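The values are calculated or read from the model by the stated rules, or taken from the named source; none is laboratory data. In this text the structure is predicted, and so the values were computed from the model without any measurement. Here the Cβ positions follow ideal geometry from the backbone for every residue, glycine too, while neighbour counts run over all protein chains shown. In case anyone asks, the SASA skips ligands and DNA or RNA and just uses the protein heavy atoms, side chains included. Shrake-Rupley method; radii C 1.70, N 1.55, O 1.52, S 1.80 Å.
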Amino acid sequence: MAKKVLIVDDEEDIVETLKFILETANYECHCAYDGEQGLNKAKEIMPDLIILDVMMPIMNGYKVSRLLKFDTRYKDIPILMLTARSQEKDKELGEETGANEYITKPFDINFVLERVKSYLG
Amino acid sequence: MSKVILFSKNNKKLDKITEMLKHHSVSVFTDEETFFDYLKKDITSDIILVDTINLNDTVNICRTIKFSTQVKNLSIIFIVDKNKNNKDFLKYASAYVCEPINEDILNATINSSVLTKNSLDELAENNAELSTSLYRLDVLNKTVTSLAGSLDKSELIEIMTDGIEKSLSYQLCYSLVFNDPTDITLSIQSVHPISARLEEAIKFRAMLSYKDLFNIHTTKEEIKVIKKIKRKNDFEYDLNVFNFDTALAPINVKNKFFGIIEVFKEKEFKSEDIRWFQTLVKQATFPLQSAVLYEEIKEQNNKLEEMEKKKEEFFSIVSHELRTPLTAIQNAVKILLGNAFPNMPDRANLFIKMIERNSIRILSIIQDWLDSTQAEKGKLSYNFTIANINPLADSVKQNLSNLADEKNIEFTTEKADNIPSIYIDTQRIEQVITNLVSNALKYTPNGGKITILTQMMGAEILKERPFSMNLDRVIADEYIVVKVSDTGPGIAKEDIVRVFEKFEQVKGTLSRSVGGSGLGLYIAKQIAEVHNGFLWLESIINKGSDFYLAIPVLTADERFEMQLKHDISNANNDKKSFGIITLCEKNHSEKTYLKEFINKLNNENIFKRTVDSKSFYTETKERLYYSFYDTNMNIQIFNFVVQRIIDYAKKDEEIKNGKKLYLSQVYYPDDAGDAEEIIKKSKKLLKEVING
């Protein structure tokens, strides 16, 4: 069965391109467009990996990550956090919230694909 | 005609003497008491003539006369009995005549006494004038000195009125100062308290004389009033003050009306007083002028700083906003160019590649904008590691060979294999090489040749290179050199220096058509300098240009010293007397002292001991604050450390008074010694820099 990846970002274009490249690599993709939606979807579908943007309406990525990582049911789901370069200083703050990896925007989609593969094979 | 007071108990003699003194005005007394009373009030007489014959207690009366008189230099002439033996009382006299009185002698004596008195009076008057002048000169001197020491307008006005008060002794003084139409200050200085209606009246008086200057809407309520009352008592000045003598002077600054000052004095002002008053006011106008200019400059400066800040913000926001959609474009293009659509026609591929190429170009321009504003502030972030430059040259070649192919340019690398690994920021150095090569790609015509060459260069050879550089900056025996050569049009000698300036593109030949931010080489130079290296250019017109990047081969220790020296002297040059040196430990988390340091951060004593090295700063008057930080350390803890240092430093008077803190981050290399050693070393360096 195909591995499930949840993409959470308020930028539809980014979600669309990531979805395309991941689906081409035979992953099952689910999308959410704000933090709250992302959190609910994560709980609902139990994905194998989450790609999570930081700056989002309603609930930011840090919070989503923290809520998931502090819950034993979801804490093992790998989270790849997408940050703007200007937020680099937040990186360390984010690591406290448990994200597994950071990818700074703008990113190369092939690089993201590689990282996803490294977690899910 | 002189004014003579005549005292005698003998009425007959009185008449006789009065007759003799018919050319003078004579007041006559026969009774001692009335005589003494008169003396106590009299201030206009010239001569006292006393008949001492027939007095009961001559000595006593004579003494009383001498000490009762209120007139200065008043001559007392006694009429005495020639035969009387006891003449003690004569010591109270200016002169005496003997019985029988000779009219001529009496008149001559009176005349000479009057002459003496007049001379003495004149002398005293001159003396008094002289001392007043001296006193006023002293006041002027002090006032001018104080005026020179201030650039604060209200303080200047205060110093001026102070000086006027000291030398003119007025009862009331007011000054009205226009800072601008909405900021008008009336300051009143008075000996006695003033009534409310007098205050209102002064406001009106000041406004009415200069009503043209007031905004139509200005009401007297908008005038700020500052009162200084010398004596707090029941007596109050009222409108009667307007009956006093007054002197008024306008205060003009740069030929523009700035304010007025008016003084009130119960007695009349003398003409010198008025002149004096005007001199003092004039003296104040020069520093006031400076103060106004100073304020203008300060305001302008603030505006400029504000604008600069806004510009930076704007750049930063625009850049970030632009980057997001550009990334989306690039990713979409990557999908199109990838394996997903194998049946894409070649012509479509060509145009998609065009989209890719141009979006890369826009992104690099945006990155340059961001970097250049950061580089200007010395704020480009660096991340030093031990690395070799050769792979960087390869990486640049790989990234840019597509562009070279398009122009059919032969693009090669020649790497020396004896290049040692050194302490560099690999990303930044790659950025420099990329900038040099993109620059070469821009200017090299189709079919040309570009080479990246790495080599070692001894300091001796470096010094002989044909470019003007500060030889003091050659700090190592050996340099690693990256040379980027092209077969472009070359750059004329006079243009070479400008190439590395901001927004500079060499004009002429085919250059104007070349795109780019004009910031690449500027940023490259900044990065080279942070690595204590050099970036220079050698060029022959119509043959090509060679760009050189030279980075010194330093030991970790040497590099640390270099950066610390650089930061400390920066702090010194900016006249910021406080250097906060943040020593960033890299990959040192296993070392116990660092762990301890972080763990005990909450312990005030430990922190203070580390920060506050008294023995050191009492010696040099300069202060150095330390904190250690592991790059793996939580950013919040790091910020906490920095904040604590700043809080601590803020207790210092000089920092409170507006001197800025210089915050520097020094990366201490991996093979560093322990904390004690680092502190010792930085102290030594700081001392060296301070002592020149």
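At pLDDT 70 or above, open to solvent by 60 Å² or more (accessible area, probe 1.4 Å), out of contact with any Gly (no Cβ under 7 Å at 6 or more places or on another chain) and closer than 21 Å to B:I551 by Cα: does that describe B:E460? Before the answer, list the steps.
Working: at pLDDT 70 or above: yes; open to solvent by 60 Å² or more (accessible area, probe 1.4 Å): yes; out of contact with any Gly (no Cβ under 7 Å at 6 or more places or on another chain): yes; closer than 21 Å to B:I551 by Cα: yes.
The answer is yes for B:E460.
Are any residues in segment B:159-180 surrounded by fewer than 19 Cβ atoms within 10 Å (Cβ to Cβ) and out of contact with any helix residue (DSSP H, G or I) (no Cβ under 8 Å at 6 or more places or on another chain), and if so, which ones?
Passing the criteria: B:E165, B:S169, B:D180.
In this structure, does B:G508 turn out to be modelled with pLDDT under 75 and buried (at least 22 other Cβ atoms within 10 Å of the Cβ)?
Values: modelled with pLDDT under 75: yes; buried (at least 22 other Cβ atoms within 10 Å of the Cβ): no.
Taking the combined requirement at face value, the residue does not satisfy it.
Scanning segment A:1-50 for residues that are more than 16 Å from A:L82 (Cβ to Cβ) and touching a residue at least 60 places away in the same chain (Cβ under 8 Å), which turns out most open to solvent (accessible area, probe 1.4 Å)?
A:K3
Pick from B:E312, B:E321: which is within 12 Å of chain A (Cβ to nearest Cβ) and either assigned to a helix (DSSP H, G or I) or at pLDDT below 85 (or both)?
Working: B:E312 fails: within 12 Å of chain A (Cβ to nearest Cβ).
Only one candidate qualifies: B:E321.
Taking the criterion of being in a helix (DSSP H, G or I), of a type in the set (F, W, Y) and exposed (fewer than 14 other Cβ atoms within 10 Å of the Cβ), would at least one residue in segment B:32-41 satisfy it? Can you show your working first?
Within segment B:32-41, the subset in a helix (DSSP H, G or I) is B:32-41.
Next, from what is left, pick out any that are of a type in the set (F, W, Y): B:35-36, B:38.
Those left that are additionally exposed (fewer than 14 other Cβ atoms within 10 Å of the Cβ): none.
Within segment B:32-41 (the criterion being in a helix (DSSP H, G or I), of a type in the set (F, W, Y) and exposed (fewer than 14 other Cβ atoms within 10 Å of the Cβ)), the answer is no, since none of the residues qualifies.
Which helices (runs of 4 or more DSSP H) does segment A:1-77 wholly contain that include 2 or more residues that are within 25 Å of B:I335 (Cα to Cα)? Walk me through it before giving the result.
Details: elements: A:12-24, A:35-45, A:61-69.
Answer list for segment A:1-77: A:12-24.
Confirm whether B:R275 is farther than 30 Å from B:K166 by Cα and either among the basic types (K, R) or within 14 Å of chain A (Cβ to nearest Cβ) (or both). Walk me through how you get there before you give the answer.
On the way: farther than 30 Å from B:K166 by Cα: no; either among the basic types (K, R) or within 14 Å of chain A (Cβ to nearest Cβ) (or both): yes.
Considered against the rule, which asks whether it is farther than 30 Å from B:K166 by Cα and either among the basic types (K, R) or within 14 Å of chain A (Cβ to nearest Cβ) (or both), B:R275 comes out as no.
Look through B:N399, B:N435, B:N446 and report the one residue that is in contact (Cβ under 8 Å) with a residue 24 or more places away in the chain, out of contact with any strand residue (DSSP E or B) (no Cβ under 6 Å at 6 or more places or on another chain) and assigned to a loop (DSSP other than H, G, I, E, B).
B:N446
Of all residues in segment A:74-98, which are surrounded by 13 or more Cβ atoms within 10 Å (Cβ to Cβ) and at pLDDT 80 or above?
Matches in segment A:74-98: A:Y74, A:I77, A:P78, A:I79, A:L80, A:M81, A:L82.
In the list B:N343, B:N339, which residue meets the criterion of being exposed (fewer than 10 other Cβ atoms within 10 Å of the Cβ), within 14 Å of another protein chain (Cβ to nearest Cβ) and out of contact with any helix residue (DSSP H, G or I) (no Cβ under 7 Å at 6 or more places or on another chain)?
Details: B:N343 fails: within 14 Å of another protein chain (Cβ to nearest Cβ).
So the residue among B:N343, B:N339 that is exposed (fewer than 10 other Cβ atoms within 10 Å of the Cβ), within 14 Å of another protein chain (Cβ to nearest Cβ) and out of contact with any helix residue (DSSP H, G or I) (no Cβ under 7 Å at 6 or more places or on another chain) is B:N339.
Starting from segment B:472-496, take each residue that is of a type in the set (D, E) and list its partners that are in a helix (DSSP H, G or I) and surrounded by 19 or more Cβ atoms within 10 Å (Cβ to Cβ), counting only C-beta distances under 6 angstrom and pairs at least six apart or across chains.
Pairs found: B:D486/B:A440.
Hey, can you tell me all the residues within segment B:481-498 that are surrounded by 20 or more Cβ atoms within 10 Å (Cβ to Cβ) and of a type in the set (D, E)?
Within segment B:481-498, just B:D486 meets the criteria.
Quick check on B:A348: is it over 49 Å from the mean Cα position of the chain (by Cα), open to solvent by less than 40 Å² (accessible area, probe 1.4 Å) and within 14 Å of another protein chain (Cβ to nearest Cβ)?
Numbers: over 49 Å from the mean Cα position of the chain (by Cα): yes; open to solvent by less than 40 Å² (accessible area, probe 1.4 Å): yes; within 14 Å of another protein chain (Cβ to nearest Cβ): no.
So B:A348 does not fit the description; no.
Rundown of residues vs (1) outside any helix (DSSP H, G or I); (2) surrounded by fewer than 20 Cβ atoms within 10 Å (Cβ to Cβ), yes/no style:
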{"position": "B:F242", "(1), (2)": "no, yes"}
{"position": "B:L248", "(1), (2)": "yes, yes"}
{"position": "B:F257", "(1), (2)": "yes, yes"}
{"position": "B:V263", "(1), (2)": "yes, no"}
{"position": "B:E268", "(1), (2)": "yes, yes"}
{"position": "B:D273", "(1), (2)": "no, no"}
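Determine whether segment B:60-77 contains at least one residue that is at pLDDT 85 or above and surrounded by 15 or more Cβ atoms within 10 Å (Cβ to Cβ). Explain how you work it out, then say what you get.
Filtering segment B:60-77 for residues at pLDDT 85 or above gives B:76-77.
Keeping just the survivors that are surrounded by 15 or more Cβ atoms within 10 Å (Cβ to Cβ) gives B:76-77.
Yes, that holds for at least one residue.
Could you tell me whether B:K282 is within 30 Å of B:V177 (Cα to Cα) and either outside the structural domain of B:T161 (by TED's automatic domain parsing) or not β-branched (V, I, T) (or both)? Working first, answer last.
Numbers: within 30 Å of B:V177 (Cα to Cα): yes; either outside the structural domain of B:T161 (by TED's automatic domain parsing) or not β-branched (V, I, T) (or both): yes.
In short, yes.
I'd like the full set of residues that are open to solvent by 70 Å² or more (accessible area, probe 1.4 Å) and charged (D, E, K, R), limited to segment B:13-31.
Hits for segment B:13-31 are B:D15, B:K16, B:E19, B:K22, B:D31.
Would you mind telling me which numbered condition in (1) of a type in the set (A, V, I, L, M); (2) open to solvent by 30 Å² or more (accessible area, probe 1.4 Å); (3) in contact with a Phe, Trp or Tyr (Cβ under 6 Å, 6 or more places away or on another chain) B:I53 fails?
The one condition B:I53 does not meet is (3).
Examine segment B:365-376 for a residue that is within 14 Å of chain A (Cβ to nearest Cβ), more than 23 Å from A:F111 (Cβ to Cβ), touching a residue at least 12 places away in the same chain (Cβ under 8 Å) and in a loop (DSSP other than H, G, I, E, B), and state whether such a residue exists.
no
The rows are residues; the columns are (1) in contact with a Ser or Thr (Cβ under 9 Å, 6 or more places away or on another chain); (2) in the same structural domain as B:F269 (by TED's automatic domain parsing); (3) in a helix (DSSP H, G or I).
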site	(1), (2), (3)
B:L137	no, no, yes
B:G163	yes, yes, yes
B:S175	yes, yes, no
B:L186	yes, yes, no
B:Q189	yes, yes, no
B:H192	no, yes, no
B:R197	no, yes, yes
B:E200	no, yes, yes
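If you scan segment B:202-227, which residues turn out to be open to solvent by less than 80 Å² (accessible area, probe 1.4 Å) and either at pLDDT below 75 or not assigned by TED's automatic domain parsing to the domain that holds B:D238 (or both)?
Residues satisfying the conditions are B:S209, B:Y210, B:L213, B:F214, B:N215, B:T218, B:T219, B:K220.
Look through B:V333, B:V396 and report the one residue that is away from every other protein chain (no Cβ under 11 Å), modelled with pLDDT of 80 or more and surrounded by 14 or more Cβ atoms within 10 Å (Cβ to Cβ). Walk me through how you get there before you give the answer.
Details: B:V333 fails: away from every other protein chain (no Cβ under 11 Å).
Just a single option satisfies the conditions, and that option is B:V396.
Based on this model, can you work out whether B:D477 counts as surrounded by fewer than 16 Cβ atoms within 10 Å (Cβ to Cβ), charged (D, E, K, R), modelled with pLDDT of 85 or more and in contact with a helix residue (DSSP H, G or I) (Cβ under 9 Å, 6 or more places away or on another chain)? Step through it out loud before you land on a result.
Values: surrounded by fewer than 16 Cβ atoms within 10 Å (Cβ to Cβ): yes; charged (D, E, K, R): yes; modelled with pLDDT of 85 or more: no; in contact with a helix residue (DSSP H, G or I) (Cβ under 9 Å, 6 or more places away or on another chain): yes.
Criteria not met by B:D477.
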